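> What follows is a structure written as structure tokens; I'll ask about it next.
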Amino acid sequence: MRQTYLLLFFIGLLLSAACTRVPAVAPVVEHDFGPLFRAQGLEGSLLFYDEAAGQFVAYNTVRCRQGFLPASTFKIPNTLVALQTGALRDTADICPWDGTVRSIAAWNQDMPFARALRVSAVPCYQQLARRLGVAAYQQWLPKLGYPGMVITPATLDTFWLDGDSRISQFGQISFLRRLQAETLPIEKRHQQAVKQLLILKKMPAATLYGKTGWRFRSARNPDNGWLVGWLARADGRHIFFALNAEPLGGQPANARFGRARQLIVEAALTEIVK
């Protein structure tokens with residue numbers, strides 16, 4: 001059994017490397033977004049892919065290739081797999097509250113999975129993971145081209161939050177490009193339903209789609225946050241992004257951390273989008 005899990009782990013690493021390399025065929029242009037990070041008290045890396053230009057724009061390219069736990073950005077593929085396999089009939093299915101009072105008040109109630117995704121309700125997606133099981137993830141994540149997840153029975157409801165799972169910013173964008181184009185091996189209605197849940201902001205000339213993720217601080221690790229998604233312009237142009245950030249100097253995250261990631265991405269988009 002241990003040999004099987006080790007084999008799956010190394011296959012995941014190979015898939016992660018492959019998915020990181022493929023989009024990197026496009027040229028990578030460096031851009032210094034450091035002042036935007038520092039203005040929010042953060043450090044990290046930021047990657048854009050402009051489909052029209054066929055190129056990446058990166059801040060801290062080496063770090064963009066580094067793998068991190070996906071945290072709640074994994075709710076995107078998680079929801080797709082659940083819908084495709086029938087573990088969820090649709091995103092209106094109710095996640096029942098287990099009665100445990102948690103520090104995030106929005107989690108302490110019954111809610112549809114559409115809301116669970118929006119408020120990043122970890123307990124709901126842990127329930128869903130137990131419903132899906134290891135085999136479903138091992139079957140579907142390679143099909144989705146979502147690499148680097150290390151899943152065992154012992155880590156079934158935590159593998160995206162803690163442990164050895166990793167995905168890079170290049171890997172995130174590779175996956176998001178196929179979701180946006182609805183070319184994943186998932187029924188289109190499910191891809192469309194998930195995309196609607198990712199809308200962060202509608203503007204006259206564009207719509208911003210995205211999902212946050214937050215690996216909480218522990219004795220061994222700093223707070224680590226994601227924002228991944230894309231800008232869909234009215235003229236049909238799509239610009240994909242993956243931000244990964246941590247508080248400067250390993251400090252604990254403060255009340256600004258949640259909002260700061262979107263502020264950085266929006267400010268960076270104004271610098272590169274003409």
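The values are calculated or read from the model by the stated rules, or taken from the named source; none is laboratory data. Fair warning: this is a prediction, and the values are worked out from it, not measured in the lab. Using ideal geometry, Cβ is built from the backbone for each residue, glycine included, and neighbour counts are taken over all protein chains shown.
> Name the residues in the stretch 97-128 that are aromatic (Phe, Trp, Tyr) and within 24 Å of Ile199 (Cβ to Cβ), would you?
Result: Trp107, Phe113, Tyr125.
> What is the number of the single condition among (1) under 23 Å from Ala268 (Cα atoms); (2) acidic (Asp, Glu); (3) touching a residue at least 40 places away in the same chain (Cβ under 8 Å) that Asp90 does not meet?
That leaves (1) as the condition not met.
> Can you tell me how many residues in the stretch 143-161 are surrounded by 15 or more Cβ atoms within 10 Å (Cβ to Cβ), in a helix (DSSP H, G or I) and over 14 Å from the mean Cα position of the chain (by Cα)?
1
> Give the residue that is nearest to Ala52 (Cα to Cα), with candidates limited to residues of the stretch 162-201 that are among the polar types (S, T, N, Q) and surrounded by fewer than 18 Cβ atoms within 10 Å (Cβ to Cβ).
If we take residues in the stretch 162-201 being among the polar types (S, T, N, Q) and surrounded by fewer than 18 Cβ atoms within 10 Å (Cβ to Cβ), then Thr183 is nearest to Ala52 (Cα to Cα).
Here is a yes/no grid of residues against (1) farther than 21 Å from Ala193 by Cα; (2) among the charged types (D, E, K, R); (3) modelled with pLDDT under 95; (4) loosely packed, with under 15 Cβ neighbours inside 10 Å:
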position	(1), (2), (3), (4)
Cys19	yes, no, yes, no
Pro35	yes, no, no, yes
Thr73	no, no, no, no
Leu83	no, no, no, no
Arg89	no, yes, no, yes
Cys95	no, no, no, no
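> Kindly indicate which of Gln40, Gln127, Gln66 is modelled with pLDDT of 95 or more and within 20 Å of Leu156 (Cβ to Cβ).
Result of the check over Gln40, Gln127, Gln66: Gln127.
> So the check is Cβ under 6 Å with 6+ separation or different chains; which pairs have a first residue in the stretch 128-149 that's in contact (Cβ under 8 Å) with a residue 12 or more places away in the chain and a second one that's surrounded by fewer than 18 Cβ atoms within 10 Å (Cβ to Cβ) and in a helix (DSSP H, G or I)?
Every condition considered, the pairs that remain are Val134/Pro153; Ala136/Thr85.
> Which of the following residues is more than 25 Å from Lys188 (Cβ to Cβ) and buried (at least 20 other Cβ atoms within 10 Å of the Cβ): Tyr59, Tyr125?
The match here is Tyr59.
> Something else about it: For the stretch 216-236: of the residues being among the charged types (D, E, K, R) and in contact with an Asp or Glu (Cβ under 7 Å, 6 or more places away or on another chain), which is surrounded by the most Cβ atoms within 10 Å (Cβ to Cβ)?
Asp223
> Read through the list (1) surrounded by 13 or more Cβ atoms within 10 Å (Cβ to Cβ); (2) more than 17 Å from Thr212 (Cβ to Cβ), then give the number of the only condition that Gln109 fails.
Going through the list (1) surrounded by 13 or more Cβ atoms within 10 Å (Cβ to Cβ); (2) more than 17 Å from Thr212 (Cβ to Cβ), Gln109 breaks only (1).
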